Amino acid sequence: MSSRYYFQLGSNFELSRSELASVYPEIGWQLVAPGILTGHFHQDFSPQTIIDQLGGTIKIFKHLQKLDITNEDQLRDQLTKYLSNLEAPKITIGLAEIGRDHLPKMEVSSLKKDLELAGKKVRYVAGSRHGLSAAVLLHKEVIELVLIQTQDGCYLAQTVAVQNIDHWSKKDRGKPYANRKKGLLPPKVARIMVNLAVGNADSAGQVLCDPFCGTGTILMEALEKSLTVIGADNDQAAVDGTTTNLNWLATEMNLPLNFMITNADATQFQPSQQPAFIVTEPFLGRPKPKADQIPNIFKGLSKLYLGCFKNWRKFLPNHAKVVMVFPRALASSSGLKKDYTLHKLIDNLSKLGYITQSEPILYHRPGAVIAREIYIFEYHFLNISEK
């Protein structure tokens, strides 16, 4: 027996979609409305447990029914019928409408009157048309009904899980060590990258390595997923800071201290345990370089990254996953005539055994000169003659 659920994805749809496809490859995901994927899960599915493991899903809705409606009166009647059947005499509700921007907004005042006539005491919590904020849903007992307009009609769902923004904010802003030059990767993106690497495998006890650990953002997300983590950085302050952050997270969440952080160059680093995964955002150059500096910056980064990939072959097992950020200079933000990428380097990595598993996923802040392209590789061991 299975039930249908809808996943509301974050602002970078492709990144969030790729995470779901990696963690749940067996689900036949379907795009049914802007930013909404749907799939079927077994009865023992725990929506809040699942959303706590994801970085790119904002809310999860449970499918209730397809609405047989042709006008707003019929819509209001069906919502009234559903809410009237709830056992509680007093309810607090919110309403989200997704994929319905081309239709008139639901008149909630009329819905409240109908419910009151049916004997229900109703309090309505106003929010945006696309739903209540996570902060409201986390801290208030609200029944959020969701109208999802698709090509096949209108569906009624209810929010059953929401991203714990308090937890994410605590990891982002509450960690003891921060460095604006080394800690620019958001924790949610770091979690997505870890999930892209691990997929649906049992992560407990497996080893994940970040050779450019910075402030430890990626390692924190991996530690929270019960991975053993190994990090390195050529800056001793980053090594000390990452160690402090991992100790803090382990204390806050009662996690085992399964980590080791080393001062080392990523082109020479040799981890003490063989990692199944490398997940990293390497040095990307200056965040806001001048246009005439970019060609030389990318030339230097290409040489650095090639040295890393050659070094990693010394310890990676066959079929190891590598998820890595590459820089991309956007012409629209930098004054260049064209985008600058490291695609030539990436295309040649197959000669070293690194096979790309998907198209790059672009991630950047509005107006950023240097954007990020996230690549997924699988390492295939080459024998000595092939090397």
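Quick notes on this one:
- A convex hull fitted around the alpha carbon atoms of the range 166-379 yields 116 Å³ per residue.
- Taking the charge dipole of the range 83-180 about its Cα centre, with +1 at Lys and Arg Cβ atoms and -1 at Asp and Glu Cβ atoms, the residue from Gly153, Ala126, Leu138 reaching farthest to the positive side is Leu138.
- Cβ crowding within 10 Å ranks Met1, Met253 as Met1, Met253, fewest other Cβ atoms first.
- Modelled FRET efficiency - R0 41 Å, Gln273 with Asn85, Cβ distances, 0.05 increments: 0.15
- Shape call, the range 2-163: gyration tensor on alpha carbons, a/c limit 1.5: prolate
- For the chain, the spread of Cα positions along the three principal axes, ordered from largest to smallest, is 77, 50, 39 Å.
- Considering only the range 166-379, percent of DSSP beta bridges that pair antiparallel, nearest 5: 50 percent
- Inter-centroid distance (Cα atoms) of the range 40-73 relative to the range 271-340, Å: 37 Å
- A full extension of the chain between Lys344 and Asp240 corresponds to an added length of 33.9 nm, given 0.36 nm per residue minus the alpha carbon distance.
- Stretchable slack from Ser358 to Arg4, in nm (0.36 nm times residue separation minus alpha-carbon distance): 124.7 nm
- Scattering curve values for the range 270-381, log₁₀ I(q)/I(0), Debye with Cα scatterers, q = 0.15, 0.17 Å⁻¹: -0.65, -0.81
- Derived scalar couplings ³J(HN,Hα) [the range 244-256; Karplus, 6.51 cos²θ - 1.76 cosθ + 1.60; whole Hz; x for Gly, Pro]: 4, 5, 5, 4, 4, 5, 4, 5, 4, 10, 6, 9, x
- For the range 138-225, chymotrypsin sites (Phe, Trp or Tyr not before Pro) are listed when DSSP marks them as loop and at most 16 other Cβ atoms sit within 10 Å of their Cβ; the list is empty.
- In sequence order, calculated HN-Hα J values of the range 147-158 (Karplus, 6.51, -1.76, 1.60; Hz; x Gly/Pro): 9, 10, 8, 10, 5, 8, x, 10, 10, 9, 9, 9
- What you get for the chain, charging only the Cβ of Lys and Arg (+1) and of Asp and Glu (-1), is a dipole of about 1060 debye around the Cα centre.
- Stokes-Einstein, applied to the Kirkwood radius of the range 202-309 over Cα pairs at a viscosity of 1.567 mPa s and 4 °C, places its translational diffusion at 89 µm² s⁻¹.
- The range 325-330 - phi-based ³J(HN,Hα) in whole Hz, Karplus 6.51/-1.76/1.60, Gly and Pro as x: 8, 10, x, 9, 8, 8
- Of all DSSP bridge pairs formed entirely within the range 2-163, close to 75 percent run antiparallel.
- Spin-label pair Leu138/Lys66, simplified geometry with 7 Å Cα→Cβ offset, distance in nm: 3.7 nm
- Separation in nanometres of the label points that stand 7 Å from Cα toward Cβ, at Asp44 and Met253: 2.4 nm
- nm² value of the averaged projected area, convex hull over the Cα atoms of the range 68-170: 7.1 nm²
- The range 42-128, Cα convex hull volume normalised per residue, Å³: 145 Å³
- Nonlocal amide H pairs with Ile278, under 5 Å, H built at 1.01 Å: Cys209, Lys321, Val322, Val323
Where a number appears in this text, it was derived from the coordinates with a stated rule and is not lab data. All figures in this text were calculated on a predicted structure; none of them were measured in a lab. All Cβ positions, even for glycine, are placed from backbone atoms using ideal geometry, and neighbour counts span all protein chains on display.
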